[in-house]
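Please treat every number below as a calculation from the coordinates, not as lab data. Since the model is a prediction, treat every value here as computed from it, not as a measurement. Note: ideal-geometry Cβ built from the backbone for every residue, glycine included; neighbour counts use all protein chains shown.
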Amino acid sequence: MAVLCSNCAGKLIFNPASQKLECQTCGSSFRPEDVRDIYAEAGTKFYDTRVYTCGHCGAEVITSDTESSTFCVYCGNPAIVFSRVSKEYRPDGLIPFKITKQQAVETIKKRFLKNPFIPKEVKAKCVPDNVRGIYVPYWVITADFSEADYISGEVKRGKSTVTKYYSRAGETRFHNLPIDGSRILNDDTSLKLEPFHLEEATEFDEDYLNGFYSNTSDLGYYDLRRSAAERCHKLFTEEVVKTIPRGTRNVKIRDSLYWVDIHDDPVYMMMPVWFFTFKHKDKPYTILVNGQTGKVVGTLPWTKGRVYAIAAALFAVIVAFIGFFFLGFNNGAARHFGNTYVNAVAALLVTSMLFFTKGLMGLKRIFKNLRLTQSEGIFRYVKKRQE
């Protein structure tokens with residue numbers, strides 16, 4: 001529960017900037033390891049938490065009573081209420097927040113708010129009041145992994161293309177591999193948040209949680225093993241593809257057989273993440289910021305009309321270049337200026353097409369990030385305790 005200041009009995013909040021607990025009343029500061037909670041049970045594997053439940057999406061978060069919960073950090077709905085006091089399993093360690101709330105806000109602003117396509121009403125919502133810090137559970141594992149892959153790729157043979165097939169097999173051991181311990185975040189999101197630097201982890205002390213939300217792992221052993229197998233498979237195939245001869249195109253993993261064995265000493269950790277949650281046109285959005293490194297995951301909604309207008313204008317310019325080329329060619333400009341005319345127009349056409357293609361690829365990335373950012377697509381929360 002809440003840890004109080006020994007000087008004035010005010011509530012203590014952990015400050016990522018100073019890495020100390022600071023009193024909100026008298027300004028005193030203490031190292032977390034120097035503060036003792038008189039209500040804590042010495043040597044216990046559990047600690048007391050206050051559980052808040054969202055009436056909209058069903059998500060549950062836990063927090064000390066140093067902060068009243070005003071809205072859901074997952075879907076942005078304000079209908080979140082205190083439900084119960086609970087004893088939760090004590091993690092082995094955690095990585096404390098190093099990025100402050102204000103720094104997280106400034107990082108988001110620097111990343112997105114200069115973009116002219118983002119609506120002004122969205123930019124106005126990027127304020128500290130809409131940002132919450134939450135410790136996300138992870139399991140750090142050591143695992144033995146083996147895999148066999150059947151791979152195809154295309155190679156040029158003269159003027160034709162032929163498909164070649166390759167087989168690869170191997171085994172390895174993964175050390176200190178972090179596995180998202182909650183169903184709150186999907187795999188794409190949790191992977192994008194990494195890396196977390198485990199060398200900066202500290203022994204778990206609930207004092208670090210003061211002023212923050214947290215969540216507990218809802219994965220059973222078989223869930224953890226499945227997630228570990230998928231993570232190891234992804235890392236393994238990334239390296240396997242690099243062994244295919246250079247010049248091979250359209251490399252695809254046709255079939256895979258893999259197996260993982262988790263060692264019996266997985267470490268239960270909590271990782272720091274800032275959540276910027278808001279609603280725009282009745283859709284929920286969440287931007288994530290790694291609370292240790294400041295890495296940003298997600299994107300903000302943008303004004304589609306402006307993007308489409310610029311795309312249409314660029315397409316019109318390309319068409320105009322093509323028309324200008326053929327018009328000039330027919331009027332004898334190519335014969336008058338020689339190769340200089342042809343080369344100049346060709347360079348303009350190629351440059352325009354490259355920019356247009358790059359723009360389309362950028363739009364594709366935006367759409368993908370936007371799907372991750374819309375929290376009802378990101379957060380597939382399963383209320384395990386209520387199943």
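Over 31 Å between Cα atoms: which of 11/123; 192/279; 192/281; 110/281; 109/252; 101/252 fall into that group?
In this structure, 11/123; 109/252; 101/252 lie more than 31 Å apart at Cα.
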*Please tell me which of these pairs span more than 24 angstrom C-alpha to C-alpha: 98/283; 234/295; 45/234?*
98/283; 45/234
*Under a cut-off of 18 Å between alpha-carbon atoms, report the aspartates and glutamates in cross-link reach of residue 242, not counting same-chain residues fewer than 8 places apart.*
147, 149, 154, 171, 255
*Quote the FRET efficiency, to the nearest 0.05, computed for residue 251 versus residue 175 with a Förster distance R0 of 35 Å and r equal to the Cβ-Cβ distance.*
0.80
*Counting other C-beta atoms within 10 Å, which of 289, 131, 267 has the fewest, and how do the rest follow?*
267, 131, 289
*Arrange 117, 112 by Cβ neighbour counts within 10 Å, fewest through most, would you?*
117, 112
*By average Cβ neighbour count within 10 Å, what is the ranking of 234-245, 93-104, 6-17 from highest down?*
93-104, 6-17, 234-245
*Can you put 258, 52 in order, fewest other beta carbons within 10 Å first?*
258, 52
